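The values are calculated or read from the model by the stated rules, or taken from the named source; none is laboratory data. On a predicted model such as this, the values are computed, not experimentally measured, just so you know. Backbone-built Cβ (ideal geometry, glycine too); neighbour counts: all protein chains shown. The accessibility values were calculated without ligands, DNA or RNA, using every heavy atom of the protein model including side chains. Shrake-Rupley method; radii C 1.70, N 1.55, O 1.52, S 1.80 Å.
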Amino acid sequence: MSYPLHLLRDIHTSTPPASQWWSHVWLWSAVAGLTLLVLLIWRLWPLLLAAFRLSRLWRLHRQADWIQRLNLWLKQTSLLLLPREQVAPLSGEAWLICLDQLGHSQWQRWGAQWSSWLYGGESVPDAICAQLHRQCWRWWRQLLWRRLCSR
């Protein structure tokens, strides 16, 4: 098989490729965005786990010890932002005041019933369980924002 020589051409250099600086900007923006996302998740991971535990806790709201479990969740979650020495000795009205100060919420309005639910063995009505659950979510969102913006 022979090739016609008239089809052969000299080797010419092509024009230089156009600069694609925007592709590097997108790459570095993606890297920066992913890094920021990883740092946010790392910073907020304990509170995200607390939210998961709260959603699981709601499934148990008809059980007799639900208010004790809720109180334990509140203590464990507040320990993410406060030192143990400050949280451990609190109970009753002082504990509800601490929760109000920590999450800018209204836990004190349950002060009269809280001790009787927690220590007296009184059952919590379903309507109040739902209100407490919503209040927990509001309190948790305040903690999430506080954890995100502090330090």
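Based on the convex hull around the alpha carbon atoms, segment 90-151 presents an average projected area of 4.4 nm². Each of (1) 107; (2) 232; (3) 121 is a candidate for volume of the Cα convex hull per residue in Å³; the one calculated from this structure is (2).
Derived scalar couplings between HN and Hα for segment 51-57 equal 5, 4, 5, 5, 5, 5, 5 Hz in order, rounded to whole Hz, by the Karplus curve 6.51 cos²θ - 1.76 cosθ + 1.60 (θ = phi - 60°), x for Gly and Pro.
Across all Cα atoms of segment 11-91, the radius of gyration (one decimal) and Dmax (whole number) stand at 25.3, 87 Å. Taking chymotrypsin sites (Phe, Trp or Tyr not before Pro) across segment 72-136, the ones in a DSSP loop with at most 16 further Cβ atoms lying within 10 angstrom of their Cβ are Tyr119.
Pop the C-beta distance of Tyr119 and Ile97 into the FRET formula with R0 = 25 Å and round what comes out to the nearest 0.05. Mind dumping the intermediate values first?
On the way: r = 17 Å, r/R0 = 0.69.
With R0 = 25 Å, the Cβ-Cβ based efficiency is 0.90.
The residues of the chain expose, per residue, 72 Å² of accessible area to a 1.4 Å probe. For segment 77-145, the relative contact order works out to 30 percent when only alpha carbon pairs closer than 8 Å and six or more residues apart are counted. Annotation note: trypsin sites (Lys or Arg not before Pro) in segment 1-109 located in DSSP loop regions with a Cβ neighbour count of at most 15 within 10 Å are Arg9, Arg59, Arg62. Projecting label points 7 angstrom from Cα along Cα→Cβ for Ser14 and Leu90 puts them 6.8 nm apart.
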